[in-house]
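Student: Dropping a structure here in C-alpha cells format, bear with me for questions.
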C-alpha cells in the first residue's frame, strides 16, 4: 500500500483522478483532481455552482466540449457522485430514479478518444453510512476488443489513513498508458485541508489544473484549489 503522495509523484501524468479515504481524524472524504497537458485542457477551472455542484468549465469563452467540460460532483438524495466526465450526471439521475449503486454504474463506456481511450471513473458514496462507496471504471481492453470492460469496487470500513485512488493515466515521463484499475493508498492527512494540501503538492506543478476535497452530504462546502468563485 503506497502513500498517496508517492503514488502521484511517481506518475508524471495522472490525468484525472478520484480518491476515497479516511483521514487521521476519522473523517471519510472524497477528492477529485484534474491535470492537463494541452492548451485546451489547461483552459479549464473547477467551480462550485449555486446549486452546490462542482463543474469543470472553460476558463474563457470556449464552446462546450463534452469530453473536457462536465459536472464533476453532484449530490443526489442520499448519495454523493463524483468522477471525470458526463457520466456523473447520468449516474446521479439513475440514483434519483431509485436504481441501486451497482445498476447506476452499469452500461457506462470509456471515452471515444483514440488511441488512449480514457477510462471513465465514477464514485458513488453513501451520505449516511460513513465509509461506504462504490467505484466504477469503464475501460478499454488492452487488446483489440472494442467492448467496454466495466470494473466495480465496493469499499467500506476504511481505517484512519486508508484509501483508494483511481487515475485515468499513468506515465513514466516517456509513454502514457491508462492507469491501473485501482490503487490502495495511505494518507498522512489528519483533516480535510491536510488532504487537499497533500493531493495538490503531489500533482505535477506544470500540469495541475484543480483539485477538490469534500465530505459526503456537504458538497456545497467543498474545499477547492485553486479557489474560485461560486457560479450560477
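Student: What about residue 93, is it without any contact (Cβ under 8 Å) to a residue 60 or more places away in the chain, in a loop (DSSP other than H, G, I, E, B) and surrounded by fewer than 18 Cβ atoms within 10 Å (Cβ to Cβ)?
Tutor: Against the criterion (without any contact (Cβ under 8 Å) to a residue 60 or more places away in the chain, in a loop (DSSP other than H, G, I, E, B) and surrounded by fewer than 18 Cβ atoms within 10 Å (Cβ to Cβ)), residue 93 does not qualify.
Student: Against the definition (exposed (fewer than 14 other Cβ atoms within 10 Å of the Cβ), over 14 Å from the mean Cα position of the chain (by Cα) and not in a loop (DSSP other than H, G, I, E, B)), how does residue 170 come out, yes or no?
Tutor: no
Student: Next question. Could we say that residue 37 is modelled with pLDDT of 90 or more, out of contact with any strand residue (DSSP E or B) (no Cβ under 6 Å at 6 or more places or on another chain) and farther than 26 Å from residue 128 by Cα here?
Tutor: In short, yes.
Student: Given the residues 182, 135, 214, which is the only one that is farther than 23 Å from residue 106 by Cα and at pLDDT 95 or above?
Tutor: Exactly one of 182, 135, 214 is farther than 23 Å from residue 106 by Cα and at pLDDT 95 or above, namely 214.
Student: With touching a helix residue (DSSP H, G or I) at 6+ places or on another chain (Cβ under 9 Å) and over 26 Å from residue 92 (Cα atoms) as the only criterion, which of 203, 195, 199 stands out?
Tutor: 203
Student: Please list, ordered by first then second residue, the pairs with beta carbon atoms under 9 Å, 6 or more apart or interchain, first in segment 46-64 and on the phi > 0 side of the Ramachandran plot, second surrounded by fewer than 12 Cβ atoms within 10 Å (Cβ to Cβ).
Tutor: From segment 46-64, the pairs are 52/221.
Student: Return yes or no: is residue 80 part of a loop (DSSP other than H, G, I, E, B), in contact with a strand residue (DSSP E or B) (Cβ under 7 Å, 6 or more places away or on another chain), surrounded by 18 or more Cβ atoms within 10 Å (Cβ to Cβ) and modelled with pLDDT of 95 or more?
Tutor: No: the conditions fail for residue 80.
Student: Would you mind finding the one in 136, 130 that is surrounded by fewer than 20 Cβ atoms within 10 Å (Cβ to Cβ), closer than 18 Å to residue 164 by Cβ and either touching a helix residue (DSSP H, G or I) at 6+ places or on another chain (Cβ under 8 Å) or in contact (Cβ under 8 Å) with a residue 24 or more places away in the chain (or both)?
Tutor: Among 136, 130, only 130 is surrounded by fewer than 20 Cβ atoms within 10 Å (Cβ to Cβ), closer than 18 Å to residue 164 by Cβ and either touching a helix residue (DSSP H, G or I) at 6+ places or on another chain (Cβ under 8 Å) or in contact (Cβ under 8 Å) with a residue 24 or more places away in the chain (or both).
Student: Further question: So, restricting to strands (runs of 3 or more DSSP E) that lie completely within segment 112-160, which ones have at least 1 residues that are within 13 Å of the chain's Cα centre (by Cα)?
Tutor: Per the criteria, 120-126, 133-139.
The values are calculated or read from the model by the stated rules, or taken from the named source; none is laboratory data. Remember, predicted model here, so these are calculated numbers, not experimental data. So basically every Cβ, Gly included, is an ideal-geometry build from the backbone, and we count neighbours across all protein chains shown.
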